[in-house]
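The values are calculated or read from the model by the stated rules, or taken from the named source; none is laboratory data. Just so we're clear, the structure is a prediction, and the values are computed from it rather than from any experiment. We place every Cβ from the backbone using ideal geometry, glycine too, and count neighbours over all the protein chains shown.
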Amino acid sequence: MSTKPAIVTLFTSTSASAEDCVIHQLDTIDLHHGIYSANPPYAGFQIVGTEPTARLTGELAAYDLTKITTTDSGFRAIRPN
């Protein structure tokens with residue numbers, strides 16, 4: 001049985017919406033966990049506290065996170081295989 005690595009990162013903000021918080025952190029997450037910093041790089045996010053709005057899914061698409069699945073608490077954004 002193989003185990004996939006998991007990275008858990010929590011961001012909170014009292015001054016920005018959850019949507020804005022996610023968008024403002026994308027570059028930092030990609031820098032620290034992307035193809036130039038991690039092996040393997042992150043394959044997706046589980047986002048809690050906001051819905052997959054058009055603005056947010058557009059920003060995620062810039063990182064090739066285009067497979068969107070809603071959850072009870074938010075959504076997952078994953079790179080397609």
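Here are some notes:
- Scanning the stretch 9-46 for residues that are within 21 Å of ASP64 (Cβ to Cβ) and of a type in the set (Val, Ile, Thr) gives THR9, VAL22, ILE23, THR28, ILE29, ILE35.
This table checks each residue for (1) at pLDDT 95 or above; (2) in a strand (DSSP E or B); (3) in contact with a Lys or Arg (Cβ under 8 Å, 6 or more places away or on another chain); (4) surrounded by 12 or more Cβ atoms within 10 Å (Cβ to Cβ).
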| position | (1), (2), (3), (4) |
| --- | --- |
| VAL8 | no, no, no, no |
| HIS24 | no, no, no, yes |
| PRO40 | no, no, no, no |
| ILE47 | no, yes, yes, yes |
| GLY58 | yes, no, no, no |
| ASN81 | no, no, no, no |
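- Filtered by the rule that a residue be out of contact with any helix residue (DSSP H, G or I) (no Cβ under 9 Å at 6 or more places or on another chain) and either without any contact (Cβ under 8 Å) to a residue 24 or more places away in the chain or within 13 Å of ARG79 (Cβ to Cβ) (or both), the stretch 45-63 gives ALA54, THR57, GLY58, ALA61.
Here's the yes/no breakdown for (1) surrounded by 12 or more Cβ atoms within 10 Å (Cβ to Cβ); (2) hydrophobic (A, V, I, L, M, F, W, C); (3) part of a helix (DSSP H, G or I):
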{"site": "LEU31", "(1), (2), (3)": "no, yes, yes"}
{"site": "GLU51", "(1), (2), (3)": "yes, no, no"}
{"site": "ASP64", "(1), (2), (3)": "yes, no, no"}
{"site": "ASP72", "(1), (2), (3)": "no, no, no"}
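- Of the numbered criteria (1) over 20 Å from ARG79 (Cβ atoms); (2) assigned to a loop (DSSP other than H, G, I, E, B), the one ILE35 fails is (1).
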